[in-house]
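Everything below concerns the one structure shown next.
The values are calculated or read from the model by the stated rules, or taken from the named source; none is laboratory data. Predicted, not measured: the structure shown is a model, and the values here were computed from it. We place every Cβ from the backbone using ideal geometry, glycine too, and count neighbours over all the protein chains shown. Calculation scope for accessible area: heavy atoms of the full protein, side chains included, ligands and nucleic acids excluded. Shrake-Rupley method; radii C 1.70, N 1.55, O 1.52, S 1.80 Å.
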Amino acid sequence: MSPAMASGSVTGRIHSWDLSTGVDGPGTRFVLFVSGCPLRCLYCANPDTWHLRDGREATVDEVMEEIDKYRNFLVTAGGGVTLTGGEPLLQPAFTGAVLRRCREAGLHTALDTSGLLGARATDGLLAATDLVLLDIKSFDVTTYRKLTGGALAPTLNFATRLERLGKRVWIRYVLVPGWTDDEDAVDGLAGFLSGLDCVERVDILPFHKLGTAKYDALGIPFPLRDTPVPDRALVDRVRGQFRERGLVAH
């Protein structure tokens, strides 16, 4: 049995999929949302992906059948496939199998991850990943714990591993007033990232409340309902801090 045939029967829990341009990697992307996440970020816009049970079971073959419908379009548009969630590394066997199959199909691959479970990403999984979208929530250990419920160290360890492997990395940083706008913490992160040649860009993502309706539908409180969105001056200041360290910031 060929590796592709063997991987086709691997199953995972997926929430949904969508097409996007400009925010989930280069070009137009087929974005697969997998279910399950170990973090509980206070600003999370997708609380409906927190639990494995929130999704439906699908085989790699079924996922690839859907992706194949858009293959020619994705290639022409200079895009590819992005796995996000939830947290794709909560299901490493499934995630790795999808990435490998996409790579075999000639599609650019991207992995969107918090890095918390980076140790679960095998070298083989990362070899099938063209780009890692690494979400670093905060550079302050205490703030990170309060904001996400998790630890910062595994993400930083994963970042240094990606550097050793020479993987292309885009950093995603959600800017939340009162939480991730501290000048010293931002400067600390910028300093850390400036020492990693693998980091191609830093995307500053302004906090938004587009997921509020999902919290209401699930009957759970949205912790940052009353937190303001960042204004242009704050976004520009934070972008400027990264640029001062020689990083490309958007």
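As a summary of the residue check, V174 satisfies the conditions (1) within 17 Å of R245 (Cβ to Cβ); (2) part of a strand (DSSP E or B) except for the one numbered (1).
For every residue, the table says whether it meets (1) at pLDDT 95 or above; (2) in contact with a Lys or Arg (Cβ under 9 Å, 6 or more places away or on another chain); (3) not acidic (D, E).
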site: H15; (1), (2), (3): yes, yes, yes
site: N46; (1), (2), (3): no, yes, yes
site: G55; (1), (2), (3): no, yes, yes
site: V60; (1), (2), (3): yes, yes, yes
site: Y70; (1), (2), (3): yes, no, yes
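For L111, the conditions (1) more than 18 Å from D18 (Cα to Cα); (2) under 17 Å from the mean Cα position of the chain (by Cα); (3) outside any helix (DSSP H, G or I) all hold with the exception of (1). Considered as a group, the residues in segment 84-118 that are over 16 Å from L74 (Cβ atoms) and small (G, A, S) include one that is surrounded by the fewest Cβ atoms within 10 Å (Cβ to Cβ), and that residue is A93.
Look at (1) closer than 22 Å to C37 by Cβ; (2) surrounded by 21 or more Cβ atoms within 10 Å (Cβ to Cβ) and you find that L126 fails only one, number (2). Select from segment 14-65 the residues that are hydroxyl-bearing (S, T, Y), open to solvent by 30 Å² or more (accessible area, probe 1.4 Å) and farther than 22 Å from K209 by Cα and list them in ascending order. T59, the sole residue that qualifies.
Here the condition is being in contact with a strand residue (DSSP E or B) (Cβ under 9 Å, 6 or more places away or on another chain) and either more than 18 Å from L134 (Cα to Cα) or buried (at least 16 other Cβ atoms within 10 Å of the Cβ) (or both); of V248, V229, it holds for V229 alone. Of the residues making up segment 132-168, those that are part of a strand (DSSP E or B) and more than 15 Å from L89 (Cβ to Cβ) number 1.
Scanning segment 197-226 for residues that are within 30 Å of V169 (Cβ to Cβ), open to solvent by 20 Å² or more (accessible area, probe 1.4 Å), part of a loop (DSSP other than H, G, I, E, B) and touching a helix residue (DSSP H, G or I) at 6+ places or on another chain (Cβ under 7 Å) yields a single hit, D197.
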